[in-house]
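The values are calculated or read from the model by the stated rules, or taken from the named source; none is laboratory data. Since the model is a prediction, treat every value here as computed from it, not as a measurement. Virtual Cβ from ideal backbone geometry, glycine too; neighbours counted across all protein chains shown.
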Amino acid sequence: MNWAIISFLLWFFLFPSVIQAKVKGQCANCHTMHYSQHGGVLLEWGTKGPYQNLLVNSCVGCHTGVNDGTNTIPYVFSESEPTYGTNTLAGGNFYWVANGCDECGHNVTDIPGVNQDSNFSQTPGFVSGKTCSSCHGSGNMVLTKCIFCHDPKHHADDSGTVVGDDEEVKYRFLSFTAFHPYTYQQGSYNFYGVAGIEDGDWEYTVSSSDHNEYCGAASSGDYSGASHSISRYCAACHWGFYGENTEHWIRHPSDYILPNSGEYANYTTYNPLAPIARLESTLTGMTVASSTVTLGEDQVSCLSCHRPHGSPYPKIMRWDYQGWPGSGTNGCNVCHTTKD
């Protein structure tokens, strides 16, 4: 073994935090040329494959495990209960929705034990007279598979600090191009995939200065222009919860600038319990995660309150709101600092 290979292996194992979406290593780590190799011992026909693109495992198969800070693949599903907030990463974990709490996570049917959402025929709101099931069929599971939310491009370059702003690969692969290349990227919706700054260990360690950065709207109230907003992404299915909604305050606003006044004036240090999103112009000028919340500029997002994969709490909340005030946490007062 020459020194170049030794140096690469040392870099790979000693510095996993710099590993992003572009995979490295032997092709056989992910692919098999002949599915029948190993005599079917490792690859059992019909129960563990075969998988498209000569892959040796599924999305869930690769992303099932226990995060310990040394893993170079983020685990989003654990077969035994993880310790929430310690080894569940930024998006949370599908464990709870797979173990009986239907409202504790998204109904991703690739996850063992997770069933199709019985309410998955609601009108998203951006196509007049259409529902998801009107195109895909009420019994079609395609809408709740991993690939509906993620467009994985493990070989694409995501070396930019702000991933997804102008690169082919989007932040955390959050794009709808696998299923809706026209309805989502042309016309009035104008969504072009999420942009953000990726935390090296997916928030296994997290603090005010060690966290993901998320893109918000181009400007507060701008819901019509080309967007890389994480909240605009969520709104593809949850349109009724998106936008300012301030005329009668019937919905909590998202992609909405935090006022620099009143109770909000005290939220000046980034709190991972209730993260904020950045204006696109602010995000693209950043080089690292910031511990500063700039009021009058930074925005409330869907992720300020929710985990996209799952949590132990109803409505995929980031904190135990139902248990408060007897127990649990009032994460609302991170922004609403006088309402505890």
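Looking only at the range 262-303, residues that are part of a loop (DSSP other than H, G, I, E, B) and of a type outside the set (S, T, N, Q) come to 17 in all. Scanning the range 76-101 for residues that are assigned to a loop (DSSP other than H, G, I, E, B), of a type in the set (A, V, I, L, M) and out of contact with any Pro (no Cβ under 7 Å at 6 or more places or on another chain) yields Val76, Ala90.
Can you name every residue in the range 267-285 that is at pLDDT below 95 and surrounded by fewer than 18 Cβ atoms within 10 Å (Cβ to Cβ)? Answer for the range 267-285, where residues must be at pLDDT below 95 and surrounded by fewer than 18 Cβ atoms within 10 Å (Cβ to Cβ): Ser281, Thr282, Thr284, Gly285. Candidates are the residues of the range 47-71 that are assigned to a loop (DSSP other than H, G, I, E, B) and under 15 Å from Ile147 (Cα atoms); the one that is nearest to the chain's Cα centre (by Cα) is His63.
Yes/no per residue for (1) more than 17 Å from the chain's Cα centre (by Cα); (2) among the polar types (S, T, N, Q); (3) within 29 Å of Thr282 (Cβ to Cβ); (4) at pLDDT 85 or above:
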{"site": "Cys146", "(1), (2), (3), (4)": "no, no, no, yes"}
{"site": "Gly164", "(1), (2), (3), (4)": "no, no, yes, yes"}
{"site": "Phe173", "(1), (2), (3), (4)": "no, no, yes, yes"}
{"site": "Tyr182", "(1), (2), (3), (4)": "yes, no, no, no"}
{"site": "Phe191", "(1), (2), (3), (4)": "no, no, yes, no"}
{"site": "Gly200", "(1), (2), (3), (4)": "no, no, yes, yes"}
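Among the residues examined, Ser290 does not qualify as surrounded by fewer than 14 Cβ atoms within 10 Å (Cβ to Cβ) and either aromatic (Phe, Trp, Tyr) or over 18 Å from Ser231 (Cβ atoms) (or both).
Since Gly25 meets every condition but one in (1) at pLDDT below 95; (2) assigned to a loop (DSSP other than H, G, I, E, B); (3) surrounded by 13 or more Cβ atoms within 10 Å (Cβ to Cβ), which condition does it not meet? All conditions pass for Gly25, except number (3).
Of all residues in the range 293-322, those that are without any contact (Cβ under 8 Å) to a residue 12 or more places away in the chain have Cβ atoms under 6 Å from Cβ atoms of residues that are crowded, with 17+ Cβ neighbours inside 10 Å and not small (Gly, Ala, Ser), 6 or more apart or on another chain, in Asp320/Tyr313; Asp320/Thr329. When the criteria are applied in full, His252 fails the requirement of being out of contact with any His (no Cβ under 8 Å at 6 or more places or on another chain), without any contact (Cβ under 8 Å) to a residue 24 or more places away in the chain, surrounded by fewer than 17 Cβ atoms within 10 Å (Cβ to Cβ) and outside any helix (DSSP H, G or I).
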